[in-house]
1. Being touching a helix residue (DSSP H, G or I) at 6+ places or on another chain (Cβ under 8 Å) and closer than 19 Å to LEU241 by Cα is true for just one of ARG360, ARG330. Which residue is that?
2. Are any residues in the range 280-307 more than 10 Å from the ligand (Cβ to nearest atom) and within 26 Å of the chain's Cα centre (by Cα), and if so, which ones?
3. Which condition does GLU82 not pass, out of (1) closer than 24 Å to LEU242 by Cα; (2) at pLDDT 95 or above; (3) of a type in the set (D, E, K, R), if it passes all the others?
4. Give the residues of the range 269-279 that are under 15 Å from ILE345 (Cβ atoms) and within 13 Å of the ligand (Cβ to nearest atom), sorted by residue number.
5. Would you mind stating whether PRO246 is surrounded by fewer than 14 Cβ atoms within 10 Å (Cβ to Cβ), away from the ligand (no atom under 16 Å from the Cβ) and either modelled with pLDDT of 95 or more or within 22 Å of the chain's Cα centre (by Cα) (or both)?
6. Return the residues of the range 249-261 that are away from the ligand (no atom under 14 Å from the Cβ) and either surrounded by 15 or more Cβ atoms within 10 Å (Cβ to Cβ) or not in a loop (DSSP other than H, G, I, E, B) (or both); say none if nothing qualifies.
7. Can you tell me which residue in the range 189-218 is farthest from GLU94 (Cα to Cα), limited to those that are free of Cβ contacts under 8 Å to residues at least 40 places away in the same chain and assigned to a helix (DSSP H, G or I)?
8. Residues in the range 353-372: is at least one on the phi > 0 side of the Ramachandran plot and within 16 Å of the ligand (Cβ to nearest atom)?
Amino acid sequence: MTEPFPDTSYQTVAVLIVAAGRGSRAGAGLPKQYRDVAGRPVLSMTISALAQALPGARLLTVIHPDDRDLFEGCRAHLSPAESLGLLAPVAGGESRQQSVLAGLEALAASGSVPELVLIHDGARPFVGSDMIQSAVSTALEYGAAIPGTLVTDTIKEINATGRIIATPARERLRAVQTPQAFRFDLILRAHQKAAVAGIFDLTDDAAVAEWAGHDVHVFPGDPANMKITTPEDFQRAEQRLLGSLPDIRMGQGFDVHAFGPGEHVWLGGVMIPHNHGLVGHSDADVLMHAITDAIFGALADGDIGSHFPPSDPQWKGAASDIFLLYAAERVRARGGMIAHVDGTIVCERPKVGPHRDAIRARLAEILSISIDRVAVKATTSEQLGFTGRGEGIAALATATIRLP
Ligand code: MG
């Protein structure tokens, strides 16, 4: 087979992620693709896997129009590199088939028409890069290619009364998965033709291509590429994800900033009115600095000063969000997750308690983890020492991360 593209990027491949379903068979109210597995929405894991395997490809997600906020929540979990090719989502239709057609037409209207399109279920986050590569190369060779796994159960065809009418030979059967990959023109025309014919209930894109008279080739699927549907699937997915991150590490951080002139302090990304400010090269967010150092500590990857030297004028007055965001990014770049952060603020004043939940929410947002993985506590030092004398604020933090 010839090299698909002149370089290692996939600029002529587009990925359509189908996530418009309302399926809540997994319980808990939210559509399943937006529910968390180990603190991350399923759809964000799916997008990450595809974006990492196909650098340079454009990714378009088809969502239900009511789910725009949920989609933005997923986007917040992606790294800048992973969101690079991610297009604004489009609204799906009533059936899966109509949703895919809406996505294909949006891609066709987006300027540069891709050579190939991979159509993937939003609820299959464990798609491996090997299978994505197989989908690309098989579709380049045959025009239409889908993954299929061997069937181990004997399959029966039954009639409306439940009587068996056929027993197909098992060795000729395949259970099919996604990504299903096609020459873009081929699948767009097939979908358009089916819509014109009033056919809207085909359950996968291969069926649309078959209906339109195209040969579709099956390449080996991966049993691990499961579609997360039931509560049991969620449990299995969580165990699998956590099992793949067995290297659990804890880091600690500590920071102090002195009071100086000012009318507010920044603590954990929240501005708290006070009769002093904190002195520092950046915004002097003592809690955020301690948590950032705790994450660097867990990674055994230097400290905030080595990554952001105070001698560098570009960090003067900087919002400390960028330090924390960077540390979280370093965890993700290692394929890991932040399991928990815990910070303690030591000062007599200002009172932190009333701001605790706002601080937790802001830190969770920056770290892209759920709020129940962020703890913030405050204490005085009983008027002892520099914090007791009101000369400054100290903060301590720990971070627990999981790495592959
Ligand atoms: Mg500091």
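1. Numbers: ARG360 fails: closer than 19 Å to LEU241 by Cα.
That would be ARG330, the only listed residue that is touching a helix residue (DSSP H, G or I) at 6+ places or on another chain (Cβ under 8 Å) and closer than 19 Å to LEU241 by Cα.
2. The answer is ILE291, ALA294, ILE295, PHE296, GLY297, ALA298, LEU299, ALA300, ASP301, HIS307.
3. (2)
4. Result: LEU278, single match.
5. Working: surrounded by fewer than 14 Cβ atoms within 10 Å (Cβ to Cβ): yes; away from the ligand (no atom under 16 Å from the Cβ): yes; either modelled with pLDDT of 95 or more or within 22 Å of the chain's Cα centre (by Cα) (or both): yes.
The answer is yes for PRO246.
6. Hits for the range 249-261 are ARG249, MET250, GLY251, GLN252.
7. GLU210
8. The answer is no, given that none of the residues of the range 353-372 is on the phi > 0 side of the Ramachandran plot and within 16 Å of the ligand (Cβ to nearest atom).
The values are calculated or read from the model by the stated rules, or taken from the named source; none is laboratory data. Bear in mind that the values here come from a model prediction, so they are computed numbers and not experimental data. Ideal geometry is used to build each Cβ from the backbone, glycine not excepted, and the neighbour counts take in all protein chains shown.
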